[in-house]
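Report on the following structure.
The values are calculated or read from the model by the stated rules, or taken from the named source; none is laboratory data. What you see is a predicted model, and the numbers here were worked out from it, not measured in a lab. Using ideal geometry, Cβ is built from the backbone for each residue, glycine included, and neighbour counts are taken over all protein chains shown. For the accessible areas, the whole protein counts, side chains as well, though only heavy atoms, and no ligand, DNA or RNA atoms are used. Shrake-Rupley method; radii C 1.70, N 1.55, O 1.52, S 1.80 Å.
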Amino acid sequence: MLETLFFNNLYGLVYFGGLISAIMLGLFLFWRAGRHELVDSQTLLDTAAVFFMGALIIGRVTDFIVRYDFYKWSIRRLIFFNAFSGFDLYGALVGGLILVFLFLRSKRENFWYIFDFAAQGFAFCAFVYSLVLFILGTKYFFDIGNGLNQLLYTIGYLVIFWAVKKFELRKKHKGFSACFFIVSNGFLNLGMVILFKNIPGERATWVMVFSSLSVILGTIGWYLLSKRKLFVDVKTTFGASLLFLFKLKRILTNLGEANNLARILVLSPFLVVKWVYFLVKYIGRELYLSIVDFVHAFGIGR
């Protein structure tokens, strides 16, 4: 019994410490990215405070709605969270962002400009949190059945964080990193739900709906913020499709084009090996540069 009590306390201590660490590291990256672009510290800290306030309230309310079978629509169970615990991370994210949008609009600040700074903070926070859950799911603690899926979550959020950091090196339109995080997070959650299918029914439905809307709305926002012209893009896509069809017709009807295709097929093993070599070389270089960028993100080595 003493051993069980010890592991219960150790589990709670590691989880709480990991959660606080994830939040603080994500907040630090958000603040550092904003200060790098000369955004006022007070604006950044006020934005973070407003986000946490909205996240705490809406996250709890969303869990109350999604897990209606647990709360039984009782306001008492909603209010007394110490006795009836529950919190929805997806609802917290939406609620926090909505409140931040209203706050920044009242301050006449660009929401997407600030959200771009927060994207790397969100990604790294999710990475650390998933890593903590993965550690808690190993044989050294309690087997909570989250080993493989939490490992994939950890790797997924690490890749998202790496991609957001790489986007910082190239000037993009406002909202680029934010929309990338929304879309990639939606795809990651959809993939995990489809792959493992270990989420309760009503919870799985909510995750699927949230993730699908994230992908759809994030993609639309990505396109609109890029200020591209729909007619031009449709015309370009149509033209590329016609060129492909004409190319395919020449291959099927022209002996010279057919010989070129046959030559490519014969040399394909060599080309594959060549592509793999350059791919491994590129990945190795990117991993090295990513580690350097990751260390620099925390102010080390500069």
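If the chain linking Glu37 and Leu89 were pulled fully straight, counting 0.36 nm for each residue of separation and taking away their Cα-Cα distance, it would gain 15.8 nm. Packing around the peptides 37-46, 156-165, taken as the average count of other Cβ atoms within 10 Å per residue, puts them in this order, highest first: 156-165, 37-46. Using 0.36 nm per residue and subtracting the Cα-Cα separation, the extra length available between Lys235 and Tyr277 on full extension is 11.5 nm. Spin-label pair Tyr113-Ile75: with each label point 7 Å from Cα along the Cα-Cβ axis, the two points sit 4.2 nm from one another. 3J(HN,Hα) along the range 73-79, derived from phi through the Karplus expression 6.51 cos²θ - 1.76 cosθ + 1.60 where θ = phi - 60°, amounts to 6, 8, 5, 4, 5, 5, 6 Hz, with x in place of Gly and Pro. Computed log10 I(q)/I(0) for the range 1-138 at 0.08, 0.17, 0.18 Å⁻¹: -0.28, -1.01, -1.08, from the Debye equation with unit scatterers placed on every C-alpha and solvent omitted.
Remark: for residue pairs Lys174/Lys235; Lys165/Lys247; Lys235/Lys274; Lys166/Lys274; Lys165/Lys227, the C-alpha separation exceeds 31 Å in Lys165/Lys247; Lys235/Lys274.
Phi-derived couplings, Karplus 6.51 cos²θ - 1.76 cosθ + 1.60 at θ = phi - 60°, listed residue by residue for the range 94-108: 5, x, x, 5, 5, 5, 5, 4, 5, 5, 5, 5, 5, 8, 6 Hz, with x used for Gly and Pro. Relative to the current alpha-carbon distance between Ser106 and Ile220, full extension at 0.36 nm per residue lengthens the span by 38.6 nm. Under the simplified labelling scheme, the Arg203-Lys172 pair shows an inter-label distance of 3.2 nm, with each label point 7 Å from Cα along Cα→Cβ. Electrostatic bookkeeping for Glu109 treats Lys and Arg as +1 and Asp and Glu as -1; over the other residues with beta carbon under 13 Å from its beta carbon, the sum is 0.
Share of carbon and sulfur in the accessible area of the range 1-121 stands at 70%, probe radius 1.4 Å.
Phi angles of the range 15-24 translate, via the Karplus equation with coefficients 6.51, -1.76, 1.60 and θ = phi - 60°, into HN-Hα couplings of 5, 5, x, x, 5, 5, 4, 4, 5, 5 Hz per residue; Gly and Pro are given as x.
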